[in-house]
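Taking it in order: structure first as structure tokens, then the write-up.
The values are calculated or read from the model by the stated rules, or taken from the named source; none is laboratory data. Because the structure is predicted, anything quoted here is derived from the model rather than measured. Every residue, glycine as well, gets a Cβ built from its backbone with ideal geometry; the counts of neighbours run over all protein chains shown. We work out accessible area using only protein heavy atoms, side chains counted, and drop any ligands, DNA or RNA first. Shrake-Rupley method; radii C 1.70, N 1.55, O 1.52, S 1.80 Å.
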Amino acid sequence: MSFQLIDGKEIAKQVRNELKAEVNRLREHGLVPGLAVILVGNHPASESYVRGKIRASEEVGIHSELIRLSETAREEELLAEVQRLNRDPNIHGILVQLPLPAHMDPARVIAVIDPAKDVDGFTPLNTGNMMIGQDALKPCTPVGIIELLKRADISVAGKHVVVVGRSNIVGKPVSILLQQENATVTMCHSRTKDLAYHTRQADILVAAVGRAEMITADHVKEGVVVIDVGVNRREDGKLVGDVRFDEVAPLASAITPVPGGVGPMTIAMLLANTVTAAKRIHGLD
Ligand code: GUN
């Protein structure tokens, strides 16, 4: 079977171009959207993600600030930094890169972010509003997945989507958004018995487990659409997803690559959320 390669890199570029035009219009009216990214410590993968976020912001004309705290900073210092940014009129989006060092409590930190500036969509208010279908800033990877499917002309209404992984960042929110798009959603996780039985029922499979190449040919039915959210470093140093691409792609009707699939869309949605937040804060939405 020949499969459609869902080119997240190209689709994200289109989104960024649209955002660039919108940011230019806002700038003409004196509004420069601003994003602050806080990185605590120097986790290598986080360093690379944060660099990507700052570079993409600059590219579309969003003002960006990177705030670095040391690995040993106290949680109070981080909370004070978030509160300072909550008050900063030039900043419309605040992102605290996760994971945080073990001595910090991510839930306590996230709860301090002003929900109007919560461009990750992680605060309890935005999470709750998303859950009940009300207006909210929504998490970037789940929205990126929905947008990727839309722009690749893959409809989800009435389809059986199986989500593997129940994280707060991807699995849980994407299952909610997919249901709102009228999909029938099954959630699987590390304690699911006979995972392959469930994943073989999927018309669309979303793999968000964080385990290198764990989804194999045995886990899918022919014609499946595969969205691979994983970014894992294999022992030989190669960057791979949660899906064994060479085995699964020939069975799929469409599949995202890693890298170049979901990752670029996550960043594009962060920029979109920053523009939305800036407009709302200034009463333009
Ligand atoms: N770490 C991995 N993914 C994310 C994300 O989407 N947002 C933040 N803040 N940290 C992350």
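State the extension gain, in nm to one decimal, for the chain segment bounded by Glu28 and Ser155, taking 0.36 nm per residue of separation less the distance between their alpha-carbons.
Values: separation 127, 0.36 × 127 = 45.72 nm, distance 3.69 nm.
Here the answer is 42.0 nm.
Using 0.36 nm times the number of residues separating Ile132 and Ala107, minus their current alpha carbon distance, what extension gain do you get?
Working: separation 25, 0.36 × 25 = 9.00 nm, distance 2.06 nm.
Gain in length upon complete extension: 6.9 nm.
Please list the non-local residues whose amide H lies under 5 Å from the amide H of Cys188, H modeled 1.01 Å from N, same-chain partners needing a gap of 5 or more.
Amide H neighbours of Cys188: Val163, Val164, Gly165.
How large is ³J(HN,Hα) for each residue in the stretch 133-139, as worked out from phi by the Karplus curve 6.51 cos²θ - 1.76 cosθ + 1.60 (θ = phi - 60°), to whole Hz, x for Gly and Pro?
Running phi through 6.51 cos²θ - 1.76 cosθ + 1.60 with θ = phi - 60° gives x, 9, 3, 7, 7, 10, x Hz.
Work out, in µm²/s and without decimals, the Stokes-Einstein translational diffusion coefficient of the stretch 45-130 at 25 °C, 0.890 mPa s, Rh from Kirkwood over C-alpha pairs.
On the way: Rh = 13.7 Å.
D, rounded to a whole number, is 179 µm²/s.
Nearest 10 degrees is fine. How inclined is helix 140-151 to the longest principal axis of the chain, computing both from alpha carbons?
60
Tell me, what % of the accessible area of the chain is carbon and sulfur with a 1.4 angstrom probe?
Roughly 50 percent of what the probe reaches on the chain is carbon or sulfur.
Which number comes out as Rg/Rh for the chain once both Rg and the Kirkwood Rh are worked out on C-alpha atoms?
0.97
Please get the size of the charge dipole for the chain, origin at its Cα centre, with Cβ charges of +1 on Lys and Arg and -1 on Asp and Glu, quoted in debye to the nearest 20.
That gives the chain a dipole magnitude of about 180 debye.
Can you bin the stretch 141-206 into rounded, prolate or oblate? Criterion: square roots of the alpha carbon gyration tensor eigenvalues sorted a ≥ b ≥ c, rounded for a/c under 1.5, prolate for a/b above b/c, oblate for the rest.
It comes out oblate by the Cα gyration axes.
Please list 3J(HN,Hα) in residue order for the stretch 56-63, calculated via the Karplus relation 6.51 cos²θ - 1.76 cosθ + 1.60 where θ = phi - 60°; whole Hz, with x for glycine and proline.
3J(HN,Hα) across the stretch 56-63, in whole Hz: 5, 4, 4, 4, 8, x, 7, 5.
Long-range amide H contacts for Ser64: which residues qualify at under 5 Å (H placed 1.01 Å from N, peptide plane, sequence gap of 5 or more or a different chain)?
Here Leu35 satisfy the definition.
Return one whole number: the accessible area per residue of the chain in Å², for a 1.4 Å probe.
Here the residues of the chain average 47 Å² of exposed surface.
Let me check I've understood the local charge: for Ala278, count other residues with C-beta under 15 angstrom from its C-beta, Lys and Arg +1, Asp and Glu -1. What total comes out? List each step's numbers first, then the result.
Values: positive: Lys20, Arg25, Arg27, Lys117, Lys279, Arg280; negative: Glu22, Glu28, Glu65, Asp88, Asp114, Asp118, Asp285.
My count for the surroundings of Ala278 gives -1.
Mind checking which lysines have their Cα closer than 30 Å to the Cα of Lys221? Skip sequence neighbours fewer than 8 apart in that chain.
Here the lysines satisfying the reach criterion relative to Lys221 are Lys9, Lys150, Lys159, Lys172, Lys193, Lys238.
Within the chain, what's the longest run with no GluC sites (Glu not before Pro) in a DSSP loop and at most 14 other beta-carbon atoms within 10 Å? Give the range, please.
Of all site-free stretches, the longest is 72-221.
For Val224, what residues show an amide H to amide H distance below 5 Å, using hydrogens built from the backbone and excluding near sequence neighbours?
Amide H neighbours of Val224, under 5 Å, 5+ apart: Ser253.
Got a sec to turn the phi values of the stretch 274-285 into Karplus ³J(HN,Hα) couplings, 6.51 cos²θ - 1.76 cosθ + 1.60 with θ = phi - 60°, whole Hz, x for Gly and Pro?
Per residue, the Karplus-derived 3J(HN,Hα) values read 5, 5, 4, 4, 4, 5, 5, 4, 9, x, 9, 10 Hz.
Take the Cα of Lys221, step 7 Å along the line toward its Cβ, and report every residue of the stretch 122-162 whose backbone nitrogen sits under 19 Å from that point.
Residues passing the 19 Å test: 154-162.
Normalise the Debye intensity by I(0) for the stretch 135-246, one equal point scatterer per Cα, no solvent, then take log10 at q = 0.10, 0.15, 0.17, 0.24 Å⁻¹ and round to two decimals.
Treating every Cα as an identical point scatterer, log10 I(q)/I(0) equals -0.26, -0.60, -0.78, -1.49.
In the chain, what % of DSSP beta bridges are antiparallel (nearest 5)?
Just about 5 percent of them are antiparallel.
How about the stretch 60-101: which trypsin sites (Lys or Arg not before Pro) there are in a DSSP loop, with at most 14 other Cβ atoms within 10 Å of their Cβ?
In loop regions of the stretch 60-101 (DSSP not H, G, I, E or B), the sparsely surrounded trypsin sites (Lys or Arg not before Pro) are Arg74.
Along its principal axes, what span do the Cα atoms of the stretch 1-86 show, with the longest given first and each in whole Å?
Per principal axis, max minus min of the Cα coordinates gives 52, 45, 15 Å.
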